[in-house]
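In what follows, a single structure is set out as structure tokens and then discussed.
The values are calculated or read from the model by the stated rules, or taken from the named source; none is laboratory data. In this text, all values refer to a predicted model and were calculated from it rather than measured experimentally. When we count neighbours, we look across all protein chains shown, and the Cβ atoms used for this are built from the backbone with ideal geometry, even at glycine. With ligands, DNA and RNA removed, areas are computed over all heavy atoms of the protein, side chains included. Shrake-Rupley method; radii C 1.70, N 1.55, O 1.52, S 1.80 Å.
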Amino acid sequence: MASEDLIDVVIGKLGWYQALLLFLLIFGRSPTEFQLVNVVFILPNPEYICQGEEKNVTNLCPCEDPVFDTSIMSSVSSEFDLICERKHLASLGQSMLQVGILFGSVLYGYISDRFGRKTSCLLSLTTEIIFVALSAAVTEFWMFAICRFLIGASVGGTMLCTYVMVIELTGTSFRPLIPGLAEAAFVICYMALPVIAYFLSNWKHLQLATSLPWLFVAAYYFVIPESPRWLITMGRKKEATAVLINMAKRQNKPTENIEAIVDKKYEELLQKEEKQYGTYIDLFRTPKMRTYTLITNFVWMCCSLTYFGVNQYIGRLQGNIYLNVLLSATSLIPGLVLVVIASRYLNRRLSMIISCCVTAISFLVFLIIPEGKPNVLLTFAIIGLMGAHASFVQAYLHTSEIFPTVVRNSALGLASVFARFGGFIAPFVVNVGIEWITIGIFSFLAFSAGVLCFFLPNTKDKELLNSISQVEQ
């Protein structure tokens, strides 16, 4: 791999203008973070009293005349009577978001690599706000389910495209901090959600409050530039040069040699007869790309399965729902700090292996903890959750550095699809009913992901590659 990075050479690892762009992109995707964690408020298992033949019986099925407890919030479940024989519709409403994310990851991965990072970012950010707001205006459950799918598609796009955009606008030496910044935004929104929900009594108001205030992202069209790395791979040298010169001027950097640097980068692509954009098929055409694609997809699936699985396995905390959600969010902070440290000082491959092994070992300890030790069990559950979360976060950075610019979004999009598969499988693993089998599966998959990471390249402090031929060499 080359040692000099385009952004580092031209404008430095991170100036004030780059920092502003990063803030706008990360803050602009806040509705995505809210949609990922708001299900506990908008689609809960509702409490109700049946007012039919059996008067004042709680949670009776069947029930012709339920009176729902809306002291926490009037939810989708209570508005559309998602109880008894309609209870499965609540699960459908939850899963539609995941199905949408799967679809959006593939769609926006292609749009981003084919039509540009800026286009895909703006499209996903704005459509998400529109679909979330529309979901608050529905009058039938099937309308909500469709909106939920469309929201998921936009969520998949924003998660993928904004992350890659941030990666490509910064230099090599700053990349280790990006996972921490992205996850910090997620944790902040996660912690803010119960506070917002506490002051609102209706799920529609919650949807509007976590979407409409972000309508300003439409103005990003005039603020956010296109990725200069992507422009170079597309042969649009003049546009790439103009973007880099503008960024350099804003940060008081010299501009004399920028055009020559861009020409040199483009010539490197031409010498290898590299085509200007890639497709999902290109991820499997050549030996190394095929190997890296298969490994990263499996690793992402394992990370997702173990993370969401252990979340469901340890169950929800009893007590005040607002406090429970807040505690769940704050429990991610220590792991987030460790991710930043690992990304900064350890190579990518080693930090991924350590995170996976911590997860696997923590799960195995479950099997030897004697009964009557709930605090010990909870401690190792949190350690396992932190390890699973850390490996998931690091997978984003490692994958974005492994794959070249021409297929970077496509690679992340396909990996995200496999992560959705892991999320789908997790509940079935948890519900096997035999504890040692459930724990054994989680531990085995975490260990397997760690072992496979040995076969991935270390990308710490390396230049982001542009072409498939550079990866193969």
Which condition number in (1) more than 22 Å from the chain's Cα centre (by Cα); (2) more than 30 Å from ILE281 (Cβ to Cβ); (3) open to solvent by less than 20 Å² (accessible area, probe 1.4 Å) is the one that LEU385 fails?
(1)
Residue match in segment 211-223 (condition: over 21 Å from SER30 (Cα atoms) and touching a Pro at 6+ places or on another chain (Cβ under 6 Å))
no
Looking at segment 107-147 only, could you name the residues that are assigned to a helix (DSSP H, G or I), open to solvent by 40 Å² or more (accessible area, probe 1.4 Å) and more than 26 Å from LEU24 (Cβ to Cβ)?
TRP142, MET143, ILE146
Selection from segment 38-78 of residues assigned to a helix (DSSP H, G or I) and surrounded by 18 or more Cβ atoms within 10 Å (Cβ to Cβ) yields VAL40, PHE41, ILE42, VAL76, SER77, SER78
Residues (open to solvent by less than 10 Å² (accessible area, probe 1.4 Å) and either acidic (Asp, Glu) or under 30 Å from SER78 (Cα atoms) (or both)) located in segment 190-235
LEU193, PRO194, ALA197, TRP203, LEU206, GLN207, THR210, SER211
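Could you say whether any residue in segment 79-88 is surrounded by 22 or more Cβ atoms within 10 Å (Cβ to Cβ), assigned to a helix (DSSP H, G or I) and assigned by the TED database to the domain that holds ILE26?
Taking every residue of segment 79-88 in turn, none turns out to be surrounded by 22 or more Cβ atoms within 10 Å (Cβ to Cβ), assigned to a helix (DSSP H, G or I) and assigned by the TED database to the domain that holds ILE26.
Scan segment 204-212 and give yes if some residue there is outside the structural domain of ILE129 (by the TED database), of a type in the set (S, T, N, Q) and either part of a helix (DSSP H, G or I) or in contact (Cβ under 8 Å) with a residue 60 or more places away in the chain (or both), otherwise no. First the steps, then the outcome.
At the first step, the residues of segment 204-212 found to be outside the structural domain of ILE129 (by the TED database) are none.
Looking through segment 204-212, none of the residues is outside the structural domain of ILE129 (by the TED database), of a type in the set (S, T, N, Q) and either part of a helix (DSSP H, G or I) or in contact (Cβ under 8 Å) with a residue 60 or more places away in the chain (or both).
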Being more than 20 Å from ILE178 (Cβ to Cβ), modelled with pLDDT under 80, touching a Lys or Arg at 6+ places or on another chain (Cβ under 7 Å) and not hydrophobic (A, V, I, L, M, F, W, C) is the requirement here; does ASN375 meet it?
no
Any residue at all in segment 234-243 that's out of contact with any Cys (no Cβ under 6 Å at 6 or more places or on another chain), in contact (Cβ under 8 Å) with a residue 60 or more places away in the chain and in a helix (DSSP H, G or I)?
no
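Tally time: how many residues in segment 448-473 are open to solvent by 70 Å² or more (accessible area, probe 1.4 Å) and either at pLDDT 80 or above or touching a Pro at 6+ places or on another chain (Cβ under 9 Å) (or both)?
If we filter segment 448-473 for residues that are open to solvent by 70 Å² or more (accessible area, probe 1.4 Å), which is where we start, we get 451, 454-455, 461-462, 473.
Okay, now just the ones that are also either at pLDDT 80 or above or touching a Pro at 6+ places or on another chain (Cβ under 9 Å) (or both), so 451, 454-455, 461.
Summing the residues that are open to solvent by 70 Å² or more (accessible area, probe 1.4 Å) and either at pLDDT 80 or above or touching a Pro at 6+ places or on another chain (Cβ under 9 Å) (or both) in segment 448-473 gives 4.
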Positions within segment 459-471 being closer than 21 Å to PHE298 by Cα and either in the same structural domain as VAL37 (by the TED database) or in contact with a Leu (Cβ under 8 Å, 6 or more places away or on another chain) (or both), in sequence order:
VAL471
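Residues are listed down the side, and each one gets a yes or a no for (1) of a type in the set (Lys, Arg); (2) assigned to a loop (DSSP other than H, G, I, E, B); (3) outside the structural domain of MET165 (by the TED database); (4) at pLDDT below 80:
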{"position": "GLU401", "(1), (2), (3), (4)": "no, no, yes, no"}
{"position": "ALA419", "(1), (2), (3), (4)": "no, no, yes, no"}
{"position": "PHE424", "(1), (2), (3), (4)": "no, no, yes, yes"}
{"position": "VAL432", "(1), (2), (3), (4)": "no, yes, yes, yes"}
{"position": "PHE444", "(1), (2), (3), (4)": "no, no, yes, no"}
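What tally of residues in segment 148-182 results from selecting those that are over 20 Å from TYR345 (Cα atoms) and either open to solvent by 10 Å² or more (accessible area, probe 1.4 Å) or hydrophobic (A, V, I, L, M, F, W, C) (or both)? Give the derivation first.
Taking segment 148-182 first, the residues over 20 Å from TYR345 (Cα atoms) are 148-166, 168-169.
Those still in the list that are either open to solvent by 10 Å² or more (accessible area, probe 1.4 Å) or hydrophobic (A, V, I, L, M, F, W, C) (or both) too: 149-151, 153, 155, 159-161, 163-166, 169.
Count: 13.
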Here are some conditions: (1) of a type in the set (A, V, I, L, M); (2) part of a helix (DSSP H, G or I); (3) at pLDDT 85 or above. ALA184 meets all but one. Which one does it not meet?
(3)
